[in-house]
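**Q** To start, I am sharing the structure in question, which I have written as structure tokens.
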Amino acid sequence: MPYINRMTHRCIHPSIKPSANHTLQRHRAARAKPQMAAKKGLLAAVLLLSLLSSPLPSRAQASSSFPVNVWPKPTSMSWAEPLAAMPVSASFRILGTSGNNPYLVSAAQRYTALLFAERYRPIVRPAVNVTAGGPPLQSLSVSVSDLSAPLQDGVDESYALEILPTGVATVTAATVWGAMHGLESFSQLAWRGRQGELLVAAGVRVEDKPLYQHRGLMLDTGRTYFPVVDILRTIDTMAANKMNVFHWHITDSQSFPIELPSEPMLAEMGAYGEDMRYTVEDVKRIVEFAMSRGVRVVPEIDAPGHTASWAGAYPEAVSCAGKFWLPDASDWGSRLAAEPGSGQLNPLEPKTYEVMSNIINDITSMFPDGFYHAGADEVTPGCWKTDPSIQADMEKGGTLSQLLERYVRAVHPHVVSKNRTVVFWEDVLLDVEVNVSASAIPPATTVLQTWNNGANNTKLIVQAGYRAIVSSASFYYLDCGHGDFVGNNSEYDDPRSDFDTKGGSWCGPFKTWQRVYDYDIAYGLTAEEGKLVIGGEVALWTEQADSTVLDARIWPRASAMGEALWSGNRDASGRKRYAEATDRLNDWRHRMVGRGIRAEPIQPLWCRTRPGMCDLVR
């Protein structure tokens with residue numbers, strides 16, 4: 001995991017601009033009625049059409065917020081005026097799923113239960129007309145074109161949702177995964193009225209699809225073990241935010257918490273304890289749970305760096321294990337690791353490849369996704385240089401980059417042979433000291449994930465022909481801004497240490513939701529280069545996070561990325577819409593808390609009940 005950045009990052013505050021005044025667009029259609037023309041000629045015809053035209057109901061468009069909204073904001077949403085809601089029948093059902101895809105069946109059951117169990121009341125009471133005496137909503141019909149489309153990179157996630165005031169509601173989608181998004185949007189258009197009655201928006205039409213196919217969250221369980229229930233809750237909340245990739249950074253230098261059938265000693269010797277391991281059954285449960293919510297699980301076994309936890313089982317395969325990570329505190333170049341926990345696999349040791357072969361076989365059998373994340377970040381020169389066998393190789397003219405390439409040329413084709421695309425951190429190609437040639441990682445079977453240097457490294461990756469996943473630390477690292485975790489750090493003894501600095505956090509300051517929301521992951525790219533950016537991931541490295549703070553560290557900042565990658569962060573005019581998003585995110589955070597997610601607040605409640613009063617610029 002990237003820890004101390006060699007490059008200098010400065011957070012550039014977005015220019016402060018007044019919020020645009022958004023108005024509801026009203027569309028009126030004219031219908032000509034048969035009439036006897038009293039006069040002939042063009043003037044008479046114009047007058048006749050003008051006087052006898054009959055307007056259809058206008059529709060409020062989603063250029064601004066509605067009284068009740070969907071997060072992430074749909075690509076297109078309209079609500080017939082005057083805005084109305086209707087009651088939901090106590091016998092409401094979701095139809096069209098019986099005997100179909102089992103994941104769709106379970107989703108229908110889940111959302112039906114949620115609809116009645118949720119007690120969501122908007123912070124600001126919706127100014128809508130509740131139809132009296134009309135038919136309540138009896139059912140929601142779901143129609144899917146392709147029930148067998150697998151959950152994989154690039155699958156069609158589009159859907160359309162319509163809720164008519166006549167008591168008819170439909171979701172249509174190309175795939176089960178799109179239909180699930182439609183059900184989530186439907187659930188967010190429901191709320192409780194004054195007397196606790198269940199209401200749903202009426203006269204609504206949504207046509208929706210994602211801007212980016214890869215909208216992910218990376219969670220590090222190598223530094224901190226998280227119980228399975230925490231992971232399941234996180235995945236469930238991802239689905240509610242229409243995020244579709246759970247990047248599970250399973251292992252790191254600190255621990256090896258996953259039990260592998262072919263390599264049981266890795267968890268036996270590398271996990272924090274017997275009750276801090278993920279069993280084969282745990283993995284199966286997590287993968288199946290995620291699948292039922294349209295979320296892919298991409299496993300990462302980080303290597304050859306960040307492998308100190310392997311040394312208990314295979315000391316012969318790990319260089320510099322157990323050594324102090326920073327021999328000379330005044331010389332960063334002397335480091336043996338990017339952070340405490342020294343140890344890297346030795347590419348000259350045959351045992352390395354035996355173990356890696358078993359790991360790849362096990363992981364690809366346990367995780368069905370088409371992506372396998374092989375890590376390869378922060379290979380530290382100092383560690384390998386302490387190893388006698390590597391020293392001897394270098395004395396014969398070998399280089400550390402050749403050593404890494406030897407490893408990659410063994411691992412990459414093995415993963416590909418399992419019908420997987422290999423994901424590496426950007427370092428494997430872009431690190432200035434230890435890297436591989438492009439021929440070792442063919443773009444057709446390789447995706448690179450960028451974390452350093454912002455838009456610059458994204459451009460380098462796509463210019464080299466690789467697909468890119470963007471996780472720029474300056475925008476998407478959720479752990480940043482909490483200071484440093486290393487002990488006896490004299491920096492904090494200086495009373496001025498926090499002035500004009502990053503407060504001891506290499507990637508500080510804290511990434512606010514607006515910082516996350518405003519980032520354009522294709523910034524500076526040509527249209528063709530932008531096509532290679534498949535999406536992004538927010539990342540939570542867990543040196544200073546555990547179950548007690550997990551929800552608040554992730555939500556609602558991950559929600560901000562979720563919307564930016566689903567429908568963008570700009571309005572129809574191309575203007576950044578973070579001002580308009582503030583109230584909507586306040587509302588969505590309020591609903592998430594009601595669903596049991598301990599998401600942190602973004603403003604005092606006072607602000608949401610007094611629209612505009614907490615803005616920086618009137």
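**Q** So what is the relative contact order for the stretch 323-447, in percent, with contacts set as C-alpha pairs under 8 Å and at least six apart? Walk me through the intermediate numbers first.
**A** Values: 158 pairs, mean separation 32.2, N = 125.
Normalised by residue count, the contact order of the stretch 323-447 is 26 percent.
**Q** Now for a different question. Taking a quarter of the surface of the Cα convex hull of the stretch 349-426, what do you get in nm²? It would help to have the intermediate numbers written out before the result.
**A** On the way: hull surface 22.0 nm².
Hull-based average projected area comes out at 5.5 nm².
**Q** If packing is taken as the average count of other Cβ atoms within 10 Å, what order do 484-491, 292-299, 351-358, 466-473 fall into, highest mean first? Don't skip to the end; give the middle numbers.
**A** Values: 484-491: 12.0, 292-299: 22.9, 351-358: 18.2, 466-473: 25.0.
Descending mean neighbour count gives 466-473, 292-299, 351-358, 484-491.
**Q** Could you list which residues have their amide H under 5 Å from that of residue 223, counting only those 5 or more apart in sequence or on another chain, with H placed in the peptide plane?
**A** Here 542 satisfy the definition.
**Q** Between 0 and 90 degrees, rounded to the nearest ten: what's the tilt of helix 350-366 against the longest Cα principal axis of the chain?
**A** Tilt of helix 350-366: around 20 degrees.
**Q** If you take log10 I(q)/I(0) by the Debye sum over Cα atoms at q = 0.07 Å⁻¹ from the coordinates, which of (1) -0.74; (2) -0.40; (3) -0.49 do you get?
**A** (3)
**Q** Can you bin the stretch 464-618 into rounded, prolate or oblate? Criterion: square roots of the alpha carbon gyration tensor eigenvalues sorted a ≥ b ≥ c, rounded for a/c under 1.5, prolate for a/b above b/c, oblate for the rest.
**A** On the way: a/c = 1.62, a/b = 1.13, b/c = 1.44.
Since a/c reaches 1.5 but b/c is at least a/b, the shape of the stretch 464-618 is classed as oblate.
**Q** Right, something else. Check the straight Cα-Cα distances from residue 418 and name the aspartates and glutamates below 13 Å, setting aside those fewer than 8 residues away within the same chain.
**A** Cross-link targets: 362, 369.
**Q** Shifting gears a bit: Can you give the accessible area per residue of the stretch 431-527, in Å², using a 1.4 Å probe?
**A** 42 Å²
**Q** Now for a separate question. Give the span of the stretch 335-382's Cα atoms along each principal axis, as three whole-Å numbers ordered largest to smallest.
**A** Result, largest extent first: 37, 23, 14 Å.
**Q** Tell me, what HN-Hα J-couplings in whole Hz come from the Karplus equation 6.51 cos²θ - 1.76 cosθ + 1.60 at θ = phi - 60° for each residue of the stretch 288-303, using x for Gly and Pro?
**A** Those phi angles translate into 5, 4, 4, 4, 5, 10, x, 10, 7, 10, 9, x, 10, 10, 6, 6 Hz.
**Q** Please name whichever of 179, 169, 202 sits farthest to the positive end of the charge dipole of the stretch 94-239, dipole taken about the Cα centre and charges placed at Cβ: Lys and Arg +1, Asp and Glu -1.
**A** Farthest towards the positive pole: 202.
**Q** Name the residues whose placed amide hydrogens come within less than 5 Å of the amide hydrogen of residue 326, ignoring near sequence neighbours (fewer than 5 apart) on the same chain.
**A** For residue 326, the qualifying residues are 336.
**Q** Which angle between 0 and 90 degrees, to the nearest 10, do you get for helix 578-594 versus the longest principal axis of the chain when only C-alpha atoms count?
**A** Tilt of helix 578-594: around 80 degrees.
**Q** Moving to a separate point now. Given H placed on each backbone N at 1.01 Å, which residues far from residue 175 in sequence or on other chains put an amide H within less than 5 Å of it?
**A** HN-HN under 5 Å from residue 175: 145, 146.
**Q** Given the peptides 120-131, 453-464, arrange them by the average over their residues of other C-beta atoms within 10 Å, most packed first. Can you show the working numbers first?
**A** Numbers: 120-131: 15.2, 453-464: 19.6.
Put in order of decreasing packing, that is 453-464, 120-131.
**Q** Still on this structure: To the nearest whole percent, what portion of all C-alpha pairs in the stretch 93-179 is separated by more than 23 angstrom?
**A** Values: 1269 of 3741 pairs.
Pairs farther apart than 23 Å: 34 percent.
**Q** Which of the peptides 207-219, 601-613, 237-249 is most tightly packed, and how do the rest follow, judged by the mean count of other Cβ atoms within 10 Å per residue? Walk me through the numbers on the way to the answer.
**A** On the way: 207-219: 22.2, 601-613: 13.2, 237-249: 24.8.
By packing density, highest mean first, the sequence is 237-249, 207-219, 601-613.
**Q** For the stretch 159-173, in order, what is each residue's ³J(HN,Hα) by Karplus, 6.51 cos²θ - 1.76 cosθ + 1.60 with θ = phi - 60°, in whole Hz (x at glycine and Pro)?
**A** Once rounded to whole Hz, the list reads 7, 10, 10, 9, 10, 8, x, 7, x, 10, 9, 9, 10, 10, 8.
**Q** Could you give me the ³J(HN,Hα) list for the stretch 375-380, computed from phi with Karplus coefficients 6.51, -1.76, 1.60 and θ = phi - 60°, whole Hz, x at Gly and Pro?
**A** Once rounded to whole Hz, the list reads x, 6, 8, 6, 6, 9.
**Q** Moving to a separate point now. Would you work out if the stretch 265-421 is rounded, prolate or oblate? Take a ≥ b ≥ c from the square roots of the eigenvalues of the alpha-carbon gyration tensor; rounded if a/c is under 1.5, else prolate when a/b is larger than b/c, oblate otherwise.
**A** Cα axes put the stretch 265-421 in the prolate bin.
**Q** Shifting gears a bit: Just list whichever of 351/385; 284/531; 511/576 have alpha carbons separated by over 25 Å in the model shown.
**A** 284/531
**Q** If you fit an axis through the alpha-carbon atoms of helix 454-463 and take the longest principal axis of the Cα set of the chain, what angle between them do you get, 0 to 90°, nearest 10?
**A** For helix 454-463, the angle is close to 80 degrees.
The values are calculated or read from the model by the stated rules, or taken from the named source; none is laboratory data. None of these values were measured; they are calculated from a predicted model. As a convention, Cβ positions derive from the backbone with ideal geometry for all residues, glycine included, and neighbour counts pool all protein chains shown. Ligands, DNA and RNA are excluded from the accessible area calculation, which covers all protein heavy atoms including side chains. Shrake-Rupley method; radii C 1.70, N 1.55, O 1.52, S 1.80 Å.
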